[in-house]
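One structure below.
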Amino acid sequence: MSSRFNPQAADARWQKIWDERGSFRADDASPKPKSYVLEMFPYPSGRIHMGHVRNYTMGDVLARFRRMTGHEVLHPMGWDAFGMPAENAAMEKGVHPGDWTRANIATMRAALKRLGFALDWSRELATCEPEYYGQEQALFLDLHAAGLVYRKESAVNWDPVDHTVLANEQVIDGRGWRSGALVERRKLSQWFLKITDFAEELLDGLETLDQWPEKVRAMQANWIGRSRGLRFRFALDHVVGGIDHIEVFSTRPDTIFGASFAAVAADHPIAAALAAKDPALGEFIADCRRTGTAAAEVETAEKKGFDTGLHVIHPLDPNWRLPLFVANFVLMEYGTGAVMGVPAHDQRDLDFARKYALPVTRVVAPTVEQAGEPIHDEAYTGPGVIVNSHFLDGLGAEEAKAGIIGRAEEEGWGEGTTVWRLRDWGVSRQRYWGTPIPIIHCDACGPQPVPREQLPVVLPEDVSFDVPGNPLDRHPTWKHVDCPNCGKPARRETDTLDTFVDSSWYFIRFASQPGDRPFDRAVAEQWLPVGQYIGGVEHAILHLLYARFWTRALKRIGRIDVAEPFTGLFTQGMVTHETYKAADGSWLSPEDVVSRDGQIVVLDTGALVNVGRVEKMSKSKKNVVDPGPIVDQYGADAVRWFMLSDSPPERDLPWSEAGIEGSWRFVQRLWRITEPGEGASGEDRELDKRLHRTVAGVATDIEALSFNKAVAKIYELANAIEKAKPSASRDAAARTLIRIVAPMIPHVAEEAWARIGGEGLIADAAWPEVDPALLVDDEVTIAVQMNGKLRDTLTAPKGMDKAALEALALGSDRIVRLLEGKEPRKVIVVPDRLVNIVA
RNA sequence: GCGGACGUGGCGAAACCGGUAGACGCGGCAGACUUAAAAUCUGCUUCCCCUGGAGUGCGGGUUCGAGUCCCGCCGUCCGCACCA
């Protein structure tokens, strides 16, 4: 019998057996309780990295564990396969994006399979295949029919060299990230999804997501950004370009009597109208546009304004005029693009007022007596009562807000309203490698939906990337079609959908994928919502918000009765690694360095290496460890075990050579511990208790995704089994140990299970039963403290009464010595825990 | 500025409702086995002025008792940010 577990042979053997038996196929018709475990599907970049391995290992442990506890588990895998890198590869290497993507998928699928994940590969999907994106087109048309899709002119970042729209993140210092060309602002007609229609429910829905990290909920709430306040009109003292008033929004209408100016954004229509006659203002506006919106610039940018010479009339006093400025800190994109300035109670307004010598009037004070106290360098934003405000005097802020809103509505110059930070979702991308938007443009009839029977609108294969721009746009035939309405020649929409649309419903398609519809409602509803979703925090806002929106939109149009797609969300930490730098400052890869006599040196030269911070694995810092060779060397289980050990899953996991060695040692140790014995007899009650406590504890830890704690408990049990003398209990413990490690290190578990003659596959085994009687101790260790400091420990039967415990503690040699015959002032007894003697 | 985490040995970390701080792993040290090495096993491993004392970022507080609760600081990381 081999004394070593050989993953190179065993891993593939068990993977093949699971595959042939269809062990991890989810059965829609199963009567068992359903459990949907999902990890964020990967982009097929070409290789898997440690982050994937960690992510999918966590999900896998949970999925396998749920199977063991009697659930029918859906644990699928697929590919977020559209996107720019494929087009970049096409431009750089001349490969077709489809060929490149499909080859990458094949490579990555093989790499994932080597890790032995309990995935239902029969449901595998790739978003770049017409079977998927065609159904997405159908859903898009459903939303379109329901009025949740519209077309609007919108400013975009246009790269004039690549002839394409760039996302904000792709514009670096005003230049395209690839071409380096100065980016232009262009107005393009684009398709939008009405996510703002759902702002309120998306925000309120967050409160039901109690199994989401607080951080993610806070980020989404922030992003949606609800502000309640008053929208009201300031009449102008002169009509300019046909404009006789401006509309402003304020969350602090209670401070309206403290206003000392009004300001509009540089892009505001009135600014444009005024600039037409005033070159100086035109110059100022141009200047504002030059200032970027990057965080650093915003922080240092001075608050600047241009006095238009116009005045607005205070709505509560026709004789009160406030100067109107164009200001660089007012954003056209938020609220109405115009504000009232209340310097006493807003820091930004105060800075501005000081600069332009505008009045500062306190209208809120902590107490009425402080009404006359001047404002110095700091605006007062604290609580208090309204002062210097006529009929509002003496009211609290909330009452005053309600009062002003009521009056504005009564008098017709304003109304209470809610303003959202959230914008509608622009989904048009001027790219080839994405889902074609199923619309046909007709000069006579306007944009027409593609008739259902013509779906999917399939991407043409014969495209070239040797010229910049969108290949769909210049394809000789593809876009030329007849209008479905009038039959005259018309053009296909050549924009494709944002890839975030693809990932907004893939979890529904996993649950049900009929050929003729996006999904079967009844089947999908059996599985959804996803019980546990696992992925990186980088998707905390966009992907998770879009998926929530899409699901709610489908619910609103009656396609599925699920409001929130993901009941539980877990955001895992990154896999990190030390960084190494040579003397000349260049980065060194972990393969180039070696530890020698307690120092890190360059492998070839022996030169001393500077060991840098532990950081996220990245190509630029050369600290990437590729999972492939590691799996070759140590096998899938050692890698999986490493991913689960030590660091709590939400925190970063530092990869180390020593760590993977340790995991390898454990896998081998487990193999030795579980070697079938001679069939010893006899009971070992201590070990029995340890075993049952471990089984119960590991189950709790896995449910809570506290894998590091489960690992620690398993080590303790393994240590105890090794130390125990041969007995029937010891054999039973070893046997049970195999089952509880099975979700984490399934290959060695199967092999060990087969070796001891276990019935069936461990992949189909049940989680061991726990005998509650063995979870309670009959003896407990009592801590004996004096003045809160530990002085002694003693053993007592469980449940001993207070008086007996006190007597026992006072009889302890150490205590007798320390008391020196004096009487304790007080004795506190916590049964089964401790005795504290106060002297 | 707003929001969210976090701070415990040389390192990754445990510690349930306030009740024996440092479980478990890594690394290190010593030893066993071996001609030797690997592998494996055993013991030790928070610090110090070591019959004792100190100790969970710092300073206070509540309590018989605080890593845990309260107040005030310091520091690190992440997200958003001229949001009216």
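Under a Cβ-only charge scheme (Lys and Arg +1, Asp and Glu -1), can you give me the dipole magnitude of chain A about the Cα centre, in debye to the nearest 20?
Result for chain A is approximately 980 debye, rounded to the nearest 20.
What does the C-alpha gyration tensor say about the overall shape of the stretch A:747-839? Classify as rounded when a/c is under 1.5, otherwise prolate if a/b is larger than b/c, or oblate.
Here the stretch A:747-839 falls in the prolate category.
Under a cut-off of 30 Å between alpha-carbon atoms, report the lysines in cross-link reach of residue A:723, not counting same-chain residues fewer than 8 places apart.
Within reach: A:689, A:709, A:713, A:798.
In whole angstrom, note down how far apart the Cα centers of the stretch A:779-816 and the stretch A:680-754 are.
32 Å
Just to verify a number: what accessible area does residue A:313 come out at with the full protein assembly present, 1.4 Å probe, Å² rounded to tens?
40 Å²
What is the Cα centroid distance between the stretch A:817-839 and the stretch A:377-407, reported in whole angstrom?
The two parts, judged by their Cα centres, are 59 Å apart.
What's the longest uninterrupted piece of chain A once you rule out the trypsin sites (Lys or Arg not before Pro) that are loop residues per DSSP with at most 10 other Cβ within 10 Å?
With a cap of 10 other Cβ atoms within 10 Å, the longest stretch comes to A:278-618.
Find how many whole Å separate the alpha carbon centroid of the stretch A:225-244 from the alpha carbon centroid of the stretch A:69-98.
The distance from the Cα centre of the stretch A:69-98 to that of the stretch A:225-244 comes to 49 Å.
Just reorder A:184, A:136, A:820, A:369 by solvent-accessible area, largest first, 1.4 Å probe, all chains present.
Ranked list, largest accessible area first: A:369, A:820, A:184, A:136.
Show A:201, A:131 ordered by accessible area, largest first, where the area counts protein heavy atoms only and the probe is 1.4 Å.
Result of the area sort, largest leading: A:131, A:201.
I want the local charge near residue A:179. Using Cβ-Cβ distances under 11 Å, sum +1 for each Lys or Arg and -1 for each Asp or Glu among the other residues.
0
How big is the stretch A:1-119 on each of its three principal axes, counting only the C-alpha atoms and giving the largest first in Å?
Computed over the Cα atoms, the extents are 50, 41, 25 Å.
Okay, helix-only estimate at 222 nm for chain A: each DSSP H run of n ≥ 4 adds -39500 (n - 2.57), divide by all residues, round to 500 deg cm²/dmol; what do you get?
Taken over chain A, the calculation gives -10500 deg cm²/dmol.
Considering the Cα positions of the stretch A:246-357, please state its Rg to one decimal place and its Dmax as a whole number of Å.
Cα radius of gyration and Dmax of the stretch A:246-357 are 13.6, 42 Å respectively.
At q = 0.11 Å⁻¹, what log₁₀ I(q)/I(0) does the stretch A:34-190 have when each alpha carbon counts as one equal point scatterer in the Debye sum?
Values, matching the q order: -0.65.
Can you give the Rg/Rh ratio of the stretch A:502-550, where Rg is from the C-alpha atoms and Rh is the Kirkwood radius?
1.00
What figure in square angstrom, to the nearest 10, would you give for the accessible area of residue A:647 with a 1.4 Å probe?
So the heavy atoms of residue A:647 present about 20 Å² to solvent.
Let me know the charge dipole size of the stretch A:83-209 about its Cα centre in debye, to the nearest 20, where only the beta-carbon of Lys, Arg (+1) and Asp, Glu (-1) is charged.
520 debye
Can you spot the lysines whose alpha carbon is less than 23 Å from residue A:303's alpha carbon? Ignore those fewer than 8 places along the same chain.
A:355
How do A:678, A:411, A:578 rank by accessible surface area computed with a 1.4 Å probe, from largest to smallest?
A:678, A:411, A:578
What net charge do the residues around residue A:698 carry, taking every other residue with its C-beta under 9 Å from that of residue A:698, with Lys and Arg at +1 and Asp and Glu at -1?
Result for the neighbourhood of residue A:698: +1.
Cβ under 14 Å from residue A:107's Cβ, residue A:107 left aside: what net charge do those residues give with Lys, Arg +1 and Asp, Glu -1?
Local net charge: +3.
Of all DSSP beta bridges in chain A, what percent run antiparallel (nearest 5)?
80 percent
When a/c is below 1.5 the answer is rounded, else prolate if a/b is larger than b/c, else oblate, so apply that to the stretch A:344-482 with a ≥ b ≥ c taken from the square roots of the Cα gyration tensor eigenvalues.
prolate
Would you work out which of A:566, A:594, A:624 lies farthest towards the positive end of the dipole of the stretch A:521-640? Charges go on Cβ: Lys and Arg +1, Asp and Glu -1.
Final value for the positive-end residue is A:566.
Rolling a 1.4 angstrom probe over the protein heavy atoms, how many square angstrom per residue are accessible across chain A?
On a per-residue basis, chain A sits at 45 Å².
Rg and Dmax in Å for the stretch A:554-603, alpha carbons only: what are they?
24.3, 69
May I ask you to evaluate 6.51 cos²θ - 1.76 cosθ + 1.60, the Karplus curve with θ = phi - 60°, for each residue of the stretch A:63-79 and list the ³J(HN,Hα) values in order in whole Hz, giving x for glycine and proline?
Each residue's phi maps through the Karplus curve to give 4, 5, 5, 5, 4, 5, 9, x, 9, 8, 9, 9, 9, x, 9, x, 9 Hz.
Can you tell me the dipole magnitude for the stretch A:766-822 around its Cα centre, using point charges on the Cβ only (Lys, Arg +1; Asp, Glu -1), in Debye to the nearest 20?
Result for the stretch A:766-822 is approximately 520 debye, rounded to the nearest 20.
Could you work out how far helix A:84-93 tilts from the main Cα principal axis of chain A, as a 0 to 90 degree angle to the nearest 10?
For A:84-93 against chain A, the angle is about 90 degrees.
Specify whether the C-alpha gyration tensor of the stretch A:142-261 places it in the rounded, prolate or oblate class, a ≥ b ≥ c being the square roots of the eigenvalues: rounded for a/c under 1.5, otherwise prolate if a/b is larger than b/c and oblate if not.
oblate
Given a Förster distance of 25 angstrom, what is the FRET efficiency for residue A:175 paired with residue A:222, based on the Cβ-Cβ distance and rounded to 0.05?
0.25
Can you send over the carbon and sulfur percentage of the accessible area for the stretch A:26-182, probe radius 1.4 Å, protein chains only?
Roughly 53 percent of what the probe reaches on the stretch A:26-182 is carbon or sulfur.
On C-alpha positions alone, give me the angle between the axis of helix A:7-21 and the longest principal axis of chain A, in degrees, nearest 10.
For helix A:7-21, the angle is close to 70 degrees.
Could you tell me how many degrees, from 0 to 90 and to the nearest 10, lie between the Cα long axis of helix A:657-673 and the main elongation axis, the longest principal axis, of the Cα atoms of chain A?
Here the helix axis deviates by roughly 40 degrees.
Over the stretch A:713-803, what percent of the accessible surface lies on carbon and sulfur atoms, probe 1.4 Å?
Within the stretch A:713-803, the accessible surface is 50 percent carbon and sulfur.
The values are calculated or read from the model by the stated rules, or taken from the named source; none is laboratory data. On a predicted model such as this, the values are computed, not experimentally measured, just so you know. Note that we place each Cβ from the backbone using ideal geometry, even for glycine, and neighbour counts take in every protein chain shown. Side chains included, ligands, DNA and RNA excluded: accessible areas come from the protein's heavy atoms. Shrake-Rupley method; radii C 1.70, N 1.55, O 1.52, S 1.80 Å.
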